[in-house]
Amino acid sequence: MHSAGGAAAWLPVPQLVGRRQRAHALGLSCRRVKRGVFFRVLGLGYETSVRVLAVIRRPEPSIGTVTTEGTVLVGERIQDPRNVGVLVRTVDAWRLPCAVFSRESADPWSRAAVRSSTGSIFRVRLAQPVSLTAFVLGLKERSVRVIGASAHASVPCWDADLTGSCALVVGNETEGLSDELRAACDALVTVPMCGGADSFNVTVAAGHAMIGISLGPVTGRLVADLVAGCDPGVDLSLTAVARYG
């Protein structure tokens with residue numbers, strides 16, 4: 001289903017025709033509806049840049065989709081569906097193998113989660129094991145290190161070894177990781193803050209940690225250059241915490 005309207009912000013006719021032709025070529029039924037009907041079906045209460053709606057068969061989350069290559073993002077009791085959607089989007093942005101959520105988390109296929117994922121939900125493999133702790137312990141048996149993110153941890157995320165295959169575990173928005181899952185982690189790290197907030201939003205913490213993982217090799221190169229007495233080619237004063245005063 002796609003929208004019809006005369007406003008300049010709507011999809012150009014050639015683009016609409018092209019999408020309809022591709023849909024028909026795949027054997028998909030395609031309908032054009034009035035602008036008001038479209039947004040009523042969309043159910044947001046306000047207009048967005050969304051111009052196409054589709055009905056798909058919901059994939060069944062399967063533990064068999066999980067791989068130990070690279071970094072796996074694991075979420076425990078993520079209750080806000082919007083946070084679940086943004087975490088899925090983060091997994092997609094960093095091309096991680098999959099996203100794993102506990103059964104107590106919000107439904108990744110709920111309207112709010114799908115919307116917050118901005119389409120990433122259709123590219124990311126999902127798994128929802130019966131027991132998240134048992135799943136994490138199974139990863140450890142396969143030589144995957146499990147790193148838990150906690151506002152109460154004493155080790156900054158940049159001081160932890162996040163190289164190789166690892167699972168980054170983030171917890172509930174209010175309570176953080178459960179005691180059971182904390183005990184199953186190989187290490188607990190925190191994202192240090194300079195202000196008065198108790199913690200980062202879970203999606204911000206996960207994104208920050210992923211930046212740390214991806215920049216690990218770059219940081220290692222800088223440290224190697226400094227130890228060897230070479231010019232790293234970077235103004236390191238720009239990274240000093242003291243720059244905040």
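The values are calculated or read from the model by the stated rules, or taken from the named source; none is laboratory data. Here the structure is a predicted model, which means the values were calculated and not measured. Quick reminder, even Gly has a Cβ in these numbers, built from the backbone with ideal geometry, and neighbours come from all protein chains shown.
Does at least one position in region 224-231 carry a residue that is surrounded by 10 or more Cβ atoms within 10 Å (Cβ to Cβ) and touching a residue at least 12 places away in the same chain (Cβ under 8 Å)? For region 224-231, residues surrounded by 10 or more Cβ atoms within 10 Å (Cβ to Cβ) and touching a residue at least 12 places away in the same chain (Cβ under 8 Å): absent. Screening region 78-95 for residues that are surrounded by fewer than 21 Cβ atoms within 10 Å (Cβ to Cβ) and touching a strand residue (DSSP E or B) at 6+ places or on another chain (Cβ under 9 Å) and picking the one that is nearest to L181 (Cα to Cα) gives Q79.
If the condition is being of a type in the set (A, V, I, L, M) and buried (at least 22 other Cβ atoms within 10 Å of the Cβ), then region 96-115 contributes A99, V100, A113.
When G196, G207, G164, G176 are screened for being out of contact with any strand residue (DSSP E or B) (no Cβ under 6 Å at 6 or more places or on another chain), free of Cβ contacts under 8 Å to residues at least 60 places away in the same chain and closer than 14 Å to V72 by Cα, only G164 passes. In region 232-244 there is no residue matching the filter, namely being buried (at least 16 other Cβ atoms within 10 Å of the Cβ), more than 17 Å from the chain's Cα centre (by Cα) and either in a loop (DSSP other than H, G, I, E, B) or at pLDDT below 75 (or both). Within the span defined as region 51-72, one or more residues are under 24 Å from G164 (Cα atoms), at pLDDT 80 or above and of a type outside the set (F, W, Y). Number of residues in region 164-203 that are touching a helix residue (DSSP H, G or I) at 6+ places or on another chain (Cβ under 9 Å) and either surrounded by fewer than 17 Cβ atoms within 10 Å (Cβ to Cβ) or part of a loop (DSSP other than H, G, I, E, B) (or both) equals 14. Residues in region 176-210 that are of a type in the set (D, E) and at pLDDT below 90: D198 only. When the criteria are applied in full, R125 fails the requirement of being surrounded by 13 or more Cβ atoms within 10 Å (Cβ to Cβ), farther than 15 Å from G75 by Cβ and within 15 Å of the chain's Cα centre (by Cα). Within region 108-120, does at least one residue satisfy the condition of being closer than 27 Å to N201 by Cβ, in a loop (DSSP other than H, G, I, E, B), free of Cβ contacts under 8 Å to residues at least 60 places away in the same chain and among the hydroxyl-bearing types (S, T, Y)? Yes, that holds for at least one residue.
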